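Working notes for the structure below.
The values are calculated or read from the model by the stated rules, or taken from the named source; none is laboratory data. Since we're looking at a predicted model, the values are computed, not measured. Using ideal geometry, Cβ is built from the backbone for each residue, glycine included, and neighbour counts are taken over all protein chains shown. Remember, those area values only see protein heavy atoms, side chains included, never the ligands or the DNA or RNA. Shrake-Rupley method; radii C 1.70, N 1.55, O 1.52, S 1.80 Å.
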Amino acid sequence: MNVPVKAQPPWLPPEGTIWHVEAGTHFDAVRTGRTLGAAALAQLGGASGAVICDPWSRIYYFLTEPSSTTGWEVRETTAFGAATYVVVPPLNSRELDLHWVVRPPADRPFTPPEKLRQALQTAVAAQYGPRPEHSR
């Protein structure tokens, strides 16, 4: 019996390598600090798509559909769309290196942007409190 093999996304590097992948083409990404990212990931649970961790800079990258972060404005986060690059690890990466916190699920490699926005806004509010109003 032949079992169909699911193709890996074209932006996923082979074992033993990392690639700089242009965001906005295969995916967009939302960058946040590791503490906020972990809090948002806990809220998202099974709704999360792929998440990359850079352990040296303590950064999480949540992958979203291409062009889904246009107009993104969430405090303590940065959206990576067209003309920006994200360093992508192979599936066999180790935790001490650039690695996957959540490997790209074959059926849903991306986090829905509205769910991610809500989870990150909740995490930011819990850590920093409400944004102060600016007097004009």
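Things to note:
- For the stretch 63-78, filtered to residues that are in a strand (DSSP E or B) and either open to solvent by 50 Å² or more (accessible area, probe 1.4 Å) or touching a helix residue (DSSP H, G or I) at 6+ places or on another chain (Cβ under 9 Å) (or both), the residue that is nearest to GLN8 (Cα to Cα) is THR64.
- Filtering the stretch 97-136 to residues that are modelled with pLDDT of 85 or more, open to solvent by 30 Å² or more (accessible area, probe 1.4 Å) and among the aliphatic types (A, V, I, L, M) leaves VAL101, VAL102, ALA125, ALA126.
- The condition of being under 26 Å from TYR128 (Cα atoms) and either over 13 Å from the mean Cα position of the chain (by Cα) or at pLDDT 95 or above (or both) does not hold for SER93.
- Count of the stretch 40-56 residues which are in a helix (DSSP H, G or I), of a type in the set (A, V, I, L, M, F, W, C) and surrounded by fewer than 19 Cβ atoms within 10 Å (Cβ to Cβ): 2
- Those residues of the stretch 21-39 which are open to solvent by 40 Å² or more (accessible area, probe 1.4 Å), touching a strand residue (DSSP E or B) at 6+ places or on another chain (Cβ under 8 Å) and modelled with pLDDT of 95 or more, in sequence order: ARG31, ARG34, ALA38
- The number of residues in the stretch 79-96 that are open to solvent by 80 Å² or more (accessible area, probe 1.4 Å) and more than 14 Å from ASP28 (Cβ to Cβ) comes to 3.
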